[in-house]
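For reference, the structure discussed in these notes is given below.
No lab work stands behind these numbers, since they all come straight from the coordinates. Model, not experiment: these values are computed from the prediction. Every residue, glycine among them, receives a Cβ derived from its backbone with ideal geometry; neighbour counts consider all protein chains shown.
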Amino acid sequence: MLGEKELKRMVSTGETSQVVFRNELPQKLRDLAIDVCALLNLGGGYVLVGVSPYGEIVGARMGGSKRAAVEEAFSEISPSISVGMYAVEVDDESVWVIDVKPSDAVPYFYRGVIFVRIGNESVKLTDSSDIRKMSLGRPRFYYDSVPLEGFDLEESLDYNAFRWFCKEAGIEDVANPVEVLSSIGAFDKAGNPKRGAALFFSKAAQEECPSAVVRCVQYKGTEKLHVIDDRTFEGSVISQYRDVISWIQSKLSLGGGDDAYASIGNRWEIPLDAISEALVNSLSHRDYSEMGACVLVEVFDDRVVISNPGGLPVDVENSFGKLGLARNPLISSLFAKMGLSHRIGSGISRMKEEMSFYGLPTPKIETKGMFSVEFVRGSSLSKAELTKIEKTIIEAFRKNPKISVADLCELTSRKKSYIYNTLKALREKGLID
C-alpha cells in the first residue's frame, strides 16, 4: 500500500503511463474501468482519485454505494480482476488509490475492447494487427522494466543529471534521491532498480549495457569518406542527450534574417526542436538488447542523420506515425516528465511541422533494420535555388497553410498557370505540403 509520503512524491512528478490522476469519480464509471484495463495491459499502475490533472490534491469521497458501483464497472473487465482500493489521508484530504497489480493474463478487455496506455492517455486499440497480436496472448516484454538485483543505483547516480531532471520535471524536494526515484517508478516492488532507471540515471550505465552509448561522426562532404570528428558519449542516457545536443549545435550554422529559410532573426539551419525530438525518439525507442549497435548521429555537409538499432517495434509497423507503443516505456516516461517528449506516436508529425515551418524539406525516414531520420541542412540549400517569388510563396504558406491560389496570384502578380507550376515544383522539393 502507498503511504502519504510516497503518494505525495508520486503526485509531484505528474501523470505517467502508469499513474492516472482523477479529480473525482467520473460520472461515467466506464472511463475509470478503461483506465484500469489500460494499466493492466501495460503492466500495472495506480489510479489516484482526488488529484487534479495539474497535480493538486483536492480529495475525494467513496462511500459504500459508490465503491460498489466502481467494483461493478470493473466486473466488465475480462479476464476477471481483483484490484486494491484504499484511502490515503494527505493534508486533511482523502485520496483514493486504485492499485492495479501486474498480471500475466494479458490482454485485458473492457466490453470486448482492448485499451492501452499511450503516454498519459488510455487509448483504444483499433489496428487489426495490434489487436490480433495482443489477442494471441503474446507476452509484452519491456527491456527497461527488468529489475537489476545487486545494482546500486544510489551509489552510481549521476547527480548532475539527476538534478537537471528534477528541475525540468518540476520536482523541488530532491534531498532524498531514493524517494524521488521510487516515486517515478525506478524500482520494482522488491526495491531493485529497473534497468531503464539505471540506464537513464547511472554514471555506470555501460556496465549494464555496453552499447548504451551515442556515437557522433562528422564527415567532410556528402559521403562517408573523410572523418572530421568522431566522438562517443557514454554515461547516463540523460547526460548523453544533453551532450549530443551540444555537439550537434556545434556543427550547425545560424541563418540570418536574409536567409530564405530563416525569416525571423537568427535561427539554426535545422530546427533544434526537430533534432531534439529525433534524438529523444532514438534514446527512448532503440533496442537496448541489441548489444552490437548504438545510437548513431552523422553530420554531413548537406544533412544530419540520427539512427538507432532495432527499427520499429513490431506493434507499430502498420500504424507508424499514428499510434505508438513504447519499446522502453520507463525511459519514454522519464523524458516526458522533462517535457522533452509528448504523446507517443506524434513525434514524426512534430518533426515534419518544425521542418515545414522553416521551409525545409520533410525529414526522410527509414524504418527497416536501423530506424533513421534524415534532416536536410538549410545551409546546403543555396539561396540561388529559390526565386524571389518562390520565397514569397513559401513565406505565405508559413503564415497561412490554407492560402488560395487566387490569393497567391494577387500577392505575386502572376497568372494561375505560373502559380500552379511553382507550387508543383516547391512540393516536389518538399518545401511545402
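A few points about this structure:
- Annotation: peptides 246-254, 34-42, ranked by per-residue average of other Cβ atoms within 10 Å with the highest first, follow the order 34-42, 246-254.
- Proximity of backbone amide H atoms, modeled 1.01 Å from N, is registered between VAL213 and VAL295 at under 5 Å, excluding neighbours fewer than 5 places apart on the same chain.
- Cα centroid separation, the range 1-67 to the range 392-430: 50 Å.
- Computed 3J(HN,Hα) for the range 95-110, one whole-Hz value per residue from the Karplus formula 6.51 cos²θ - 1.76 cosθ + 1.60 where θ = phi - 60°, is 10, 8, 9, 9, 8, 9, 7, x, 8, 8, 8, 5, x, 9, 10, 10, glycine and proline marked x.
- A simple rule links phi to the HN-Hα coupling: the Karplus curve 6.51 cos²θ - 1.76 cosθ + 1.60 with θ = phi - 60°, which for the range 16-22 gives 9, 5, 10, 9, 10, 9, 9 Hz, with x for Gly and Pro.
- About its Cα centre, the chain has a charge dipole of approximately 1700 debye under the convention of +1 per Lys or Arg Cβ and -1 per Asp or Glu Cβ, with nothing else charged.
- Karplus-based coupling profile of the range 153-167, in residue order and whole Hz: 5, 5, 5, 9, 4, 7, 5, 5, 5, 4, 5, 5, 4, 4, 4, with θ = phi - 60° in 6.51 cos²θ - 1.76 cosθ + 1.60 and x standing for Gly or Pro.
- Listed residue pairs exceeding 19 Å between alpha carbons, taken from LYS388/LYS415; LYS352/LYS416; LYS8/LYS203: LYS352/LYS416; LYS8/LYS203
- Alpha-carbon Debye profile of the chain, log10 I(q)/I(0) at 0.12 Å⁻¹: -1.04
- Ordering of 6-18, 147-159, 386-398 by burial proxy (mean other Cβ atoms within 10 Å per residue, highest first): 6-18, 386-398, 147-159
- Leading residue at positive end of dipole, the chain (Cβ point charges), from SER417, PRO102, SER276: SER417
- Fewest-first ordering of ILE184, ILE81 by other beta carbons within 10 Å of each residue's beta carbon gives ILE81, ILE184.
- Counted residue by residue at 0.36 nm each, then reduced by the alpha carbon distance between them, the extension gain from ASN421 to VAL113 reaches 106.0 nm.
- Here's how it looks for VAL146: its modeled amide H is under 5 Å from those of ARG195, GLY196, which are all 5 or more places away or on a different chain.
- Dipole of the chain [Lys/Arg +1, Asp/Glu -1 at C-beta], most positive-end residue of SER289, GLY196, MET1: SER289
- Fraction of C-alpha pairs exceeding 14 angstrom in the range 386-428: 40 percent, rounded to a whole number.
- Around the amide H of VAL19, modelled in the peptide plane, lie the amide H atoms of TYR46, all under 5 Å away and 5 or more residues distant in sequence or on another chain.
- Two-decimal log10 I(q)/I(0) for the range 153-208, as the Debye equation yields it once each C-alpha is a single scatterer, q = 0.26, 0.30 Å⁻¹: -1.12, -1.38
- Angstrom value of the Kirkwood radius, inverse mean 1/r, which spans all Cα pairs in the range 147-278: 17.2
- Segments 99-107, 45-53 sorted - mean Cβ within 10 Å per residue, highest first: 45-53, 99-107
- Average 1/r across all pairs of distinct alpha carbons in the range 1-57, invert it, and you get the Kirkwood radius: 11.7 Å.
- Shape of the range 4-140, Cα gyration tensor, a/c cut at 1.5: prolate
- Simple label model, 7 Å out from Cα along Cβ direction - ARG67 to ASP99, nm: 1.4
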